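K.L.:
Take this structure first; my questions come after.
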Amino acid sequence: MIPDKVVARIAARAAKEALATHTDTSGAHPKLAGPRASATVGSGTARLGLTLDLPYPADLAGVSRRLQDYVSERVAHLTGIRVTEVTLAIEHLIPADSLEHRRVQ
């Protein structure tokens with residue numbers, strides 16, 4: 001059996017990949033904290049929890065769904081463990097247009 005900690009690291013990496021490819025992080029990317037993950041593995045299945053920052057404005061429901069699907073599929077592919085649940089905790093919404101680019105008029 002693969003330890004929970006290893007599955008969690010794989011999930012965090014998959015979430016980072018998903019954020020890079022499935023969201024418009026061009027303006028907010030440097031400010032986004034890396035995703036953190038937890039995993040509970042047992043009986044050939046895993047439950048995953050992700051804590052992350054997301055760019056805003058964005059279709060949060062759509063981004064969340066794509067992230068959950070990608071992480072679930074990626075972890076299952078890499079570990080052979082069926083993922084039954086991926087929960088998201090969005091810690092911060094990071095504005096895509098940074099404050100440095102705004103001018104006082």
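K.L.:
Condition first: of a type outside the set (S, T, N, Q), open to solvent by 20 Å² or more (accessible area, probe 1.4 Å) and assigned to a strand (DSSP E or B). Can you find one or more residues in the stretch 53-69 that meet it?
P.N.:
yes
K.L.:
Here is a follow-up. Considering only the stretch 77-87, state which residues are among the hydrophobic types (A, V, I, L, M, F, W, C) and buried (at least 16 other Cβ atoms within 10 Å of the Cβ).
P.N.:
Ile81, Val83, Val86
K.L.:
For the stretch 70-88, which residues satisfy the criterion of being touching a residue at least 60 places away in the same chain (Cβ under 8 Å) and assigned to a loop (DSSP other than H, G, I, E, B)?
P.N.:
Of everything in the stretch 70-88, just one residue is touching a residue at least 60 places away in the same chain (Cβ under 8 Å) and assigned to a loop (DSSP other than H, G, I, E, B), namely Ile81.
K.L.:
Within the stretch 89-99, how many residues are part of a strand (DSSP E or B) and either modelled with pLDDT of 95 or more or in contact with a Pro (Cβ under 9 Å, 6 or more places away or on another chain) (or both)?
P.N.:
4
K.L.:
I would also like to ask the following. Determine whether Ala33 is modelled with pLDDT under 95, open to solvent by 30 Å² or more (accessible area, probe 1.4 Å), within 11 Å of the chain's Cα centre (by Cα) and among the hydrophobic types (A, V, I, L, M, F, W, C).
P.N.:
yes
The values are calculated or read from the model by the stated rules, or taken from the named source; none is laboratory data. Nothing here was measured: the structure is a model prediction, and the numbers come from that model. Every residue, glycine among them, receives a Cβ derived from its backbone with ideal geometry; neighbour counts consider all protein chains shown. In case anyone asks, the SASA skips ligands and DNA or RNA and just uses the protein heavy atoms, side chains included. Shrake-Rupley method; radii C 1.70, N 1.55, O 1.52, S 1.80 Å.
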